[in-house]
Amino acid sequence: MKVVTVVTGAGAGIGSEICRILLERGETVIGCPRRPGSEKLSALAAAHPDRFHEVLMDVSDDASIERAVADIEGRVDQVDRLFNNAGYYPKNEGSLTALSRDTLGKAFQTNAIGPLKVTAALLPLLRKGNEKRLAQITSLMGSITDNTSGRSYSYRLSKTALNMAVKNLAHELGHEGFIALAIHPGWVQTNMGGSMAPLPLGPASEEVLRIVLDATPDQNGAFLGPGGKVLPF
């Protein structure tokens, strides 16, 4: 049975690694980077020309989402899984006085609003899928309970909003068989995470996949971390 997965933010990091792992398992993957020119995606396309499709998508731009979904609709009949992985972290923003409307707006557009708009645009194809899994890649930094250090206003607030969006999706779509999840991959060695992060990219991405694929209906709406640990909202 053909299984189709859409991955946003696929140009590098966890996004491109999830694409690679699924392709090596023989599945069909649509990787959606914001910009063209990813060497990792070019290599995947060369190795799996029949099962990998690169479709540009800027999740902060409605017109870009619409164009991408129209492209996807021309390639596949259904989507079984959606990994909303695209993210934005303003590294130079710490204290309240460093906060700007532009930075806050960009964080919300990319980290919270974008995933919802992508999910809505793909919903007709997702409803035709067999697995109906909606994975939102979030962060423990979006946990209100876990916040013991403050700072990083834009990133924290936008990821908290994404976590709430997962709960809403769970309530609205759970009765149709969807499983909506908020996944914290841990601190991973990516361009965003940096070289000091303790988790290697490959194993961390494998764990994200394992959690999503093993999730059961009773976990719909859950906030999960490495090992499938239930995290506090």
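The values are calculated or read from the model by the stated rules, or taken from the named source; none is laboratory data. Fair warning: this is a prediction, and the values are worked out from it, not measured in the lab. Quick reminder, even Gly has a Cβ in these numbers, built from the backbone with ideal geometry, and neighbours come from all protein chains shown.
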Q. Quick one: which strands (runs of 3 or more DSSP E) sit completely within region 1-78 and have at least 2 residues that are under 18 Å from Thr119 (Cα atoms)?
A. 4-8, 28-32
Q: Tell me, yes or no, whether region 8-31 has at least one residue that is free of Cβ contacts under 8 Å to residues at least 40 places away in the same chain, over 20 Å from Pro124 (Cα atoms) and among the hydroxyl-bearing types (Ser, Thr, Tyr).
A: yes
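Filter region 181-196 down to residues that are part of a strand (DSSP E or B) and of a type outside the set (Val, Ile, Thr) and give me whichever is surrounded by the fewest Cβ atoms within 10 Å (Cβ to Cβ).
Leu181
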(Q) Phe83 - would you say it is assigned to a helix (DSSP H, G or I) and either among the basic types (Lys, Arg) or within 15 Å of the chain's Cα centre (by Cα) (or both)? (A) no
Q | Subset of region 162-180 [crowded, with 19+ Cβ neighbours inside 10 Å and in a helix (DSSP H, G or I)] | A | Leu162, Asn163, Ala165, Val166, Leu169, Ala170, Leu173
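If you take the residues in region 44-78 that are basic (Lys, Arg) and free of Cβ contacts under 8 Å to residues at least 40 places away in the same chain, which one is surrounded by the most Cβ atoms within 10 Å (Cβ to Cβ)?
The qualifying residue surrounded by the most Cβ atoms within 10 Å (Cβ to Cβ) is Arg51.
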(Q) For a quick check of your reading of the model, give me the residue pairs whose first member lies in region 136-160 and is touching a residue at least 60 places away in the same chain (Cβ under 8 Å), whose second is buried (at least 21 other Cβ atoms within 10 Å of the Cβ) and among the aromatic types (Phe, Trp, Tyr), with beta-carbon atoms closer than 8 Å and at least 6 apart or on different chains. (A) Ile137/Phe83; Thr138/Phe223; Ser143/Phe223
Q: Using the structure shown, decide if Phe108 is of a type in the set (Phe, Trp, Tyr), part of a strand (DSSP E or B) and surrounded by 18 or more Cβ atoms within 10 Å (Cβ to Cβ).
A: no
Q. Restricting attention to region 190-204, does a residue exist that is in contact (Cβ under 8 Å) with a residue 40 or more places away in the chain, under 16 Å from Val7 (Cβ atoms) and of a type in the set (Gly, Ala, Ser)?
A. yes
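Residue-by-condition table, conditions (1) at pLDDT below 95; (2) within 16 Å of the chain's Cα centre (by Cα):
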| residue | (1), (2) |
| --- | --- |
| Ile144 | no, no |
| Asn168 | no, no |
| Gly186 | yes, yes |
| Leu201 | yes, yes |
| Ile211 | no, yes |
| Gln219 | no, no |
(Q) Looking only at region 133-149, how many residues end up being surrounded by fewer than 23 Cβ atoms within 10 Å (Cβ to Cβ), in contact with a helix residue (DSSP H, G or I) (Cβ under 8 Å, 6 or more places away or on another chain) and over 18 Å from Leu122 (Cα atoms)? (A) 5
(Q) Looking only at residues that are among the β-branched types (Val, Ile, Thr) and in a loop (DSSP other than H, G, I, E, B) in region 135-152, which one is nearest to Val6 (Cα to Cα)? (A) Thr138
Q: Could you check, for region 162-173, whether at least one of its residues is within 17 Å of Gly13 (Cα to Cα) and touching a Ser or Thr at 6+ places or on another chain (Cβ under 7 Å)?
A: no
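Here is a yes/no grid of residues against (1) at pLDDT below 95; (2) under 23 Å from Ala204 (Cα atoms); (3) touching a strand residue (DSSP E or B) at 6+ places or on another chain (Cβ under 6 Å):
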site: Val55; (1), (2), (3): no, no, yes
site: Ser64; (1), (2), (3): no, no, no
site: Arg75; (1), (2), (3): no, no, yes
site: Leu82; (1), (2), (3): no, yes, yes
site: Pro90; (1), (2), (3): yes, yes, no
site: Gly94; (1), (2), (3): yes, no, no
Q: Output the residue which, of all residues in region 197-230 that are among the hydrophobic types (A, V, I, L, M, F, W, C) and surrounded by fewer than 20 Cβ atoms within 10 Å (Cβ to Cβ), is nearest to Glu176 (Cα to Cα).
A: Leu213
Q: Of all residues in region 79-97, count the ones that are buried (at least 16 other Cβ atoms within 10 Å of the Cβ), more than 17 Å from Val118 (Cα to Cα) and not acidic (Asp, Glu).
A: 2
